[in-house]
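Written below as structure tokens is the structure these notes are about.
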Amino acid sequence: MLAQQKLRIIVTGGAGFIGCNFVRHLLRETDARVYNFDALTYAGNLASLSDVSEDPNYHFVEIDISDASAVDEAFKSIQPHAVVHLAAESHVDRSIDAPANFISTNIVGTFNLLQAARCRYMSLDGVSRESFRFLHVSTDEVYGSLGDEGSFTEKTAYDPHSPYSASKASSDHLARAWFDTFGLPVLVTNCSNNYGPYQFPEKLLPVVILKAISGAPIPVYGKGENIRDWLFVEDHCRALATVLDKGKPGETYNIGGNNELRNIDLVKQLCEILDELRPKPESYSSLIKYVADRPGHDLRYAIDASKIKNELGWQPIMSPASGLHETVLWYLENEEWWQSILDGSYRLARQGLSRAGETL
């Protein structure tokens, strides 16, 4: 689809972590006109797209997707050929403290986009109608927690445990319902934990890196035994482009990095990379501090990504060691980007304890 015509693609949440990397990927790899929908909440940062801001194929639209009328007007103006829906409130800890924001953006916002996309789709005919796509990007957290063995497949029953994962599960069901009920050509992806450049410094990797280089304690929840599958963000962007181009409407595709790690092992790897790139007299691992676990913390996530590999030909190409090294190096070399965030209201304070003022 991407190679057939000059497309107009809406990317929601394009100023966020995955979104900015995906916008950049589209501009680099296609000739599409890319419309970045973002409300510029705390995690939306246009500085993450400063290198493409003057690209004639890039267009920023400041919009809150929970505003149905604004979404409708934007769709009528742009008349998109495809929508890639990445906009979401995405931090589990924040969902514990302020779940209403997650309901508004992740559920109501998705509904508004689906309705606007449906109206657009119904107005089309011929090739434009056949090629229209709505790609809904979700998370493996909707599946709940795994034991010591097994992996999430596209057939795994949903079992969300946090307000965040419950809101994403709801939006997934809405997206699939709009395919089943209205025939909207919806695709759904569920990905594992992303990492890489431009990740807002509230998630595990940037928190570890920035705490370490500042000499502050590095927080590890519980005993650090929770396991996640880590996916380099550029690999994820390639996967999304592949699904948009080759995926079958109505299908779900799991996207994983084949890189399971206990949190404590990941933290120690990051410390070893920092020991190499910015050595100090004492290893950064001496800063590790175990803190109270997150309420309802899922033990293990693991993705079976064989479907997208076998049916669409995608698999991750970044090795875990190279991806982590590249990520640490990016944060060391781009202090201006993250320092401008820390100079604002966010100070790496812990969320999700339902007690104001508690800091990691």
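The values are calculated or read from the model by the stated rules, or taken from the named source; none is laboratory data. Because the structure is predicted, anything quoted here is derived from the model rather than measured. Don't worry about glycine lacking a Cβ; one is built from the backbone with ideal geometry, like all the others, and counts go over all protein chains shown.
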Breaking point among (1) without any contact (Cβ under 8 Å) to a residue 60 or more places away in the chain; (2) out of contact with any helix residue (DSSP H, G or I) (no Cβ under 9 Å at 6 or more places or on another chain), for residue 97: (1)
Cross-chain or 6+ apart pairs with Cβ under 9 Å, segment 179-195 first and farther than 23 Å from residue 143 by Cα and touching a residue at least 24 places away in the same chain (Cβ under 8 Å), then polar (S, T, N, Q) and surrounded by fewer than 21 Cβ atoms within 10 Å (Cβ to Cβ): 185/131
Residue within segment 161-169 that is in a loop (DSSP other than H, G, I, E, B), over 17 Å from residue 18 (Cα atoms) and of a type outside the set (S, T, N, Q) present: yes
Top-ranked residue in segment 269-299 [being in contact with a Ser or Thr (Cβ under 6 Å, 6 or more places away or on another chain) and surrounded by 17 or more Cβ atoms within 10 Å (Cβ to Cβ); ranked as nearest to residue 205 (Cα to Cα)]: 271
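Out of the strands (runs of 3 or more DSSP E) lying entirely within segment 243-297, which hold 1 or more residues that are more than 22 Å from the chain's Cα centre (by Cα) and not aromatic (Phe, Trp, Tyr)? It would help to see each step written out before you state the result.
Values: elements: 252-255, 260-262, 288-291.
Strands (runs of 3 or more DSSP E) meeting the threshold: 288-291.
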Near pairs, Cβ below 9 angstrom, 6+ apart or cross-chain, from segment 131-152 (modelled with pLDDT of 95 or more and surrounded by 19 or more Cβ atoms within 10 Å (Cβ to Cβ)) to any residue that is among the small types (Gly, Ala, Ser) and assigned to a strand (DSSP E or B): 132/82; 133/82; 134/82; 135/82
In segment 121-143, the residues that are assigned to a helix (DSSP H, G or I) and under 29 Å from residue 165 (Cβ atoms): 121, 140, 141, 142, 143
Only one of 52, 61 that is in a loop (DSSP other than H, G, I, E, B), modelled with pLDDT of 95 or more and not polar (S, T, N, Q): 52
